[in-house]
Amino acid sequence: MSGSQSMDYPIACTDQKSHRILVFAPTAPDWNMDESLIWSWSLLDVDGFSELLPAWGLPTEAKLRHDPIRGGQCMIVTDSCGLAAILPYPGGESLIWGACVGGNPHSAELLPNGNLAVAASTGGWVRIYASSQGLTDQVYAELPLPGSHGLHWDSRRNVLWALGDHDLVALRLEGTDDQPEIAVDDRVPLPSRYGHDLQPVWGNDDRLWITTVSHVYQYVISSGRFVSEYADCPFVDWHDVKSIGNQPSGVIVSAAPKPGGLYEWTTDEIRLHGTSNRIRKGTAIYKARIWAPGY
């Protein structure tokens, strides 16, 4: 533990039972108490987008980001039913951009120019949508990446990290805001198959969290190595970890399937190393995210 939990951020969960994004207070000891839930959202809360409702129901991603165009903050979401969207936070009453992109979207990332990167696992691609151009703009660039599951914008290196079944790829953004293009800057084979989650390591901008179907690694960017020699590895190096991240205090937040869940990939329990786990009864959570715009 590197610091007090009082500095930690809320935790957002993608609940596939209620079809909602649920945001919990980080220090709330019981997530079943009403006061533990500080915000929630569903596409059903938004008027005027009935054509997108079939694309919502199994949320797979939620990230809080700074809005580079309008200022303030926004949330980006994806859903296995096909949705990728950007919406204002905490308002959530409208969409800044949204589309049914298909392909089983599993993650997204908001880029510095306001465009949205989307990773689709079944589709096997990474796309950059020209979302900066307005709500209805559907122009995109596409790069094949089998099993595409994770995305993270690296502002230090100006690359978009993307995680697939077999590779971690650094992508360089080219083209223009309204006509984006993608180029591969580097490609690194994974040490085990089927990459799943990709997140930065809080407090160390030379490392990324990488999960596969069998392990949890940290990737050292400067040396190009995947390592298991990191703090608390025995706690987090599980199979089938769907999401992972760490708080400023050092608390590691992860989600992995729990037997008896609604789906074989969901859980009602979030693992917090350094404090007690949290359970939200009656949920089917796929991912848990540190709710910080810089993370």
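Values in this text are rule-based calculations from the coordinates and carry no lab data. Here the structure is a predicted model, which is why all the values come from computation and not from measurement. Cβ placement follows ideal geometry from the backbone for every residue including glycine, while neighbour counts extend to all protein chains displayed.
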Pull up all non-local amide H partners of Y89: gap of 5 or more, or a different chain, and H-to-H distance under 5 Å with H placed in the peptide plane.
-> Q73, C74, M75
How compact and how long is the range 1-151, expressed as Rg and Dmax of its alpha-carbon atoms in Å?
-> 15.6, 47
Dividing the mean separation of Cα pairs under 8 Å (6+ apart) by the residue count of the chain yields a relative contact order in percent of 16
Once the range 142-242 is represented by equal point scatterers at the alpha-carbon sites, with solvent omitted, what log10 I(q)/I(0) does the Debye formula produce at q = 0.21 Å⁻¹?
-> -1.07
Amide H neighbours of H196 under 5 Å, counting only residues 5+ apart in sequence or on other chains, H built in-plane at 1.01 Å?
-> T211, T212
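Give me the net charge of V101's neighbourhood, meaning all other residues with Cβ under 13 Å from the Cβ of V101; Lys, Arg count +1, Asp, Glu -1.
Details: positive: R127; negative: E61, D79, D137, E142.
After counting each charged neighbour, the total is -3.
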For the range 220-290: span of alpha carbons on each principal axis (Å, largest first) | 43, 24, 20
Read phi for every residue in the range 62-78 and hand back ³J(HN,Hα) as whole Hz from Karplus 6.51 cos²θ - 1.76 cosθ + 1.60, θ = phi - 60°, with x for Gly and Pro.
-> 8, 9, 8, 9, 6, 8, x, 9, 9, x, x, 10, 9, 10, 10, 9, 9
J(HN,Hα) series, the range 177-185, from Karplus relation 6.51 cos²θ - 1.76 cosθ + 1.60, nearest Hz, glycine and proline x = 4, 8, 9, x, 9, 10, 9, 7, 8
Rounded to a whole number of µm²/s, how large is the Stokes-Einstein D of the chain at 25 °C and 0.890 mPa s, given Rh as the Kirkwood radius over C-alpha pairs?
-> 130
Counting each DSSP H run of 4 or more residues in the chain as -39500 (n - 2.57), what helix-only mean residue ellipticity at 222 nm follows after dividing by all residues, to the nearest 500 deg cm²/dmol?
-> 0 deg cm²/dmol
Taking amide H positions as placed in the peptide plane 1.01 Å from N, state which residues far from D186 in sequence (5 or more) or on other chains have amide H under 5 Å from it.
-> A170
For a quick protection proxy, order the peptides 241-252, 216-227 by their average other-Cβ count within 10 Å, most packed first.
-> 241-252, 216-227
Over the range 178-295, relative contact order from alpha-carbon pairs under 8 Å, at least 6 apart, % = 18
Grab the beta carbon distance between D137 and V220, set R0 = 51 Å, and tell me the FRET efficiency rounded to 0.05.
-> 0.85
Counting Lys and Arg as +1 and Asp and Glu as -1, what is the net charge of the other residues whose Cβ lies under 14 Å from the Cβ of L143?
-> -4
Specify the inter-centroid distance of the range 232-294 and the range 65-144, based on alpha-carbon positions, in whole Å.
-> 24
Surrounding net charge for H166, when Lys and Arg each add one and Asp and Glu each subtract one, Cβ distance under 13 Å | 0
From the phi of every residue in the range 229-244, what ³J(HN,Hα) in whole Hz does the Karplus formula 6.51 cos²θ - 1.76 cosθ + 1.60 yield, where θ is phi - 60° and glycine or proline is x?
-> 8, 9, 4, 6, 3, x, 6, 9, 7, 9, 8, 6, 6, 7, 8, 8
